[in-house]
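Quick notes on the structure that follows.
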Amino acid sequence: MTTPDRILRAKAQDRDPSHFALTERQRQRHERVVAISQYLIAEEGCQNITFRGLARALRMSTAALRFHFVDMEALLAEIIRRHLRKLSAALGKYEPTDPHRQQKRRAAYLAYTRTPLGGFTEAHLVLVRDFHTLPDDERKGIEIIRRGLGKLLAGDQADEAFLLLDAPFLDAAAIEARLGTPVLQAHKLQTQKPEPPQNQPAPPAKPEEMNAWNNPGSGEKPGNWIFTSGIPINSRAPPLAA
C-alpha cells in the first residue's frame, strides 16, 4: 500500500517549508482557488465533484491545481481548518471581564455559521455535511482545532460541546442557548405574559409559541431550528454575495 500524496506533501513541507513558500501572485491564486472551491463544494457536495472537474471549473489544468492541493481531501480539509480557526479566533477575542462577552460570542458564532437569510454559511455547511468523508490523517489535525473550539463554547463542558459540533449530533439550538443565556433571559422577561386568575385554568399553549429554547435537547435537526423570535429558518439559503 503506497503512502497517499497528501501525506508525502505534508512531510515534505515539514522538512523544508521554504521550498513551498508562495510568491504574492501564487498566494492570491491560492486564495481564489480556496474561495471558489468552497462555494462549489457547498453547492454540489464533495462527493459529486471530481478533482479533474474542479480544475476545469477553475479554468486550470489538473497539474496547476495540484500545485496548491494534491487531492480533493487536502482541499476539503483546508476549507474546514480555515473555518474553525476563524470561528475560534472570533469567539476567543473577548476578555472574560467584558460584561457583554456572552452576547458578543453568540453573535460571532452566528456570523460564522449562518447566512443573513438563516441557512448555513458555505464553510460551515461543508463542515457539517462533509467532515466525515475525510480520511483519518486529515481528520486528526482538525479534531484538535474542534476540541479547542469546544472549550471556548462550553468552558468546563468541553466534551459536550465537542459532540454538539459533530455532524450526527449537531445541535445549534443548545450551543446558542448556552452562549446566549443573558439574551434569552431578557427575552423571556420582555415577553412574559401575566398569569391567569387563580380560579380559571390557564389556556393551552399554542404550537407556534413552543420553541427550541424551552427544550434545547428535544432532538432538533440541523437547519430546522427556531430562535427566540419564534421564526423557523431553513437549512439552506443562497450563498453570500462575493
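Summary of values
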quantity	calculated
Among residues of the range 44-58, those that are more than 18 Å from Leu134 (Cα to Cα) and either more than 28 Å from the chain's Cα centre (by Cα) or assigned to a helix (DSSP H, G or I) (or both), counted	5
Residues that are part of a helix (DSSP H, G or I) and more than 14 Å from the chain's Cα centre (by Cα), drawn from the range 89-104	Gly92, Arg101, Gln102, Gln103, Lys104
Residues being more than 24 Å from Tyr39 (Cα to Cα), in contact (Cβ under 8 Å) with a residue 24 or more places away in the chain and basic (Lys, Arg) - total across the range 84-139	2
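Computed from the coordinates by the stated procedures, all read-outs in this text should not be read as laboratory data. Because the structure is predicted, anything quoted here is derived from the model rather than measured. Neighbour counts are summed over all protein chains in view; Cβ atoms, including those assigned to glycine, are modelled from backbone coordinates with ideal geometry.
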